[in-house]
Structure formats: C-alpha cells, structure tokens
Amino acid sequence: MLTLDHIAVSTEALETGAAEIEAALGVPLEPGGRHAAMGTWNRLLSLGDGEYFELIAIEPGAPA
C-alpha cells in the first residue's frame, strides 16, 4: 500500500514563495527548519495525521 507523508514544493526564495502559497491557500505556513547538510530551509503546513505540505528553498548564504 502506498502512503503519503508529505508533499514538497520548491521555490527560488522561501519568503516570497511562502507569501504566494499563503495567499493562494488562505492559511499561514509554520516555520520549518534548516537542513545544513543540504543548504536548504523550509516552511510547513500540517495536513493532519503526520502528513504535511513542505515549501523548500536553497538557503541564502549556505555553503555549496
């Protein structure tokens, strides 16, 4: 059986992308975290039951 734990969408700039998603969905995204090993950061929206929507972007200034 196939299960879903999250839907990930990438954006060029996290804050701009988050503002667009929030305007489209009408709900705020929660602060996520930073992924130092990958140089990314994210914002999240819980979909319930351990599932979530993740908006992810390259973190400015992160090492390549």
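The values are calculated or read from the model by the stated rules, or taken from the named source; none is laboratory data. In this text, all values refer to a predicted model and were calculated from it rather than measured experimentally. Note that each Cβ is placed from the backbone with ideal geometry, even for glycine, and that neighbours are counted across all protein chains shown. Protein only, heavy atoms only, side chains kept; ligands, DNA and RNA dropped before computing areas. Shrake-Rupley method; radii C 1.70, N 1.55, O 1.52, S 1.80 Å.
Annotations for the structure displayed:
- Filter pass, Pro60 being more than 10 Å from the chain's Cα centre (by Cα) and not small (Gly, Ala, Ser): yes
- Contacts under 8 angstrom Cβ, first residue in the stretch 45-64 being free of Cβ contacts under 8 Å to residues at least 60 places away in the same chain and of a type in the set (Ser, Thr, Tyr), partner open to solvent by 40 Å² or more (accessible area, probe 1.4 Å) and not in a strand (DSSP E or B), 6 or more apart: Tyr52/Asp5
- Only residues that are open to solvent by less than 90 Å² (accessible area, probe 1.4 Å) and basic (Lys, Arg) were counted across the stretch 18-64, and they come to 1.
- Contact annotation: residue pairs with Cβ atoms under 8 Å, 6 or more positions apart or on different chains, pairing a residue in the stretch 20-40 that is farther than 18 Å from Ile7 by Cβ with a partner that is β-branched (Val, Ile, Thr) and open to solvent by less than 100 Å² (accessible area, probe 1.4 Å), are Arg34/Thr40.
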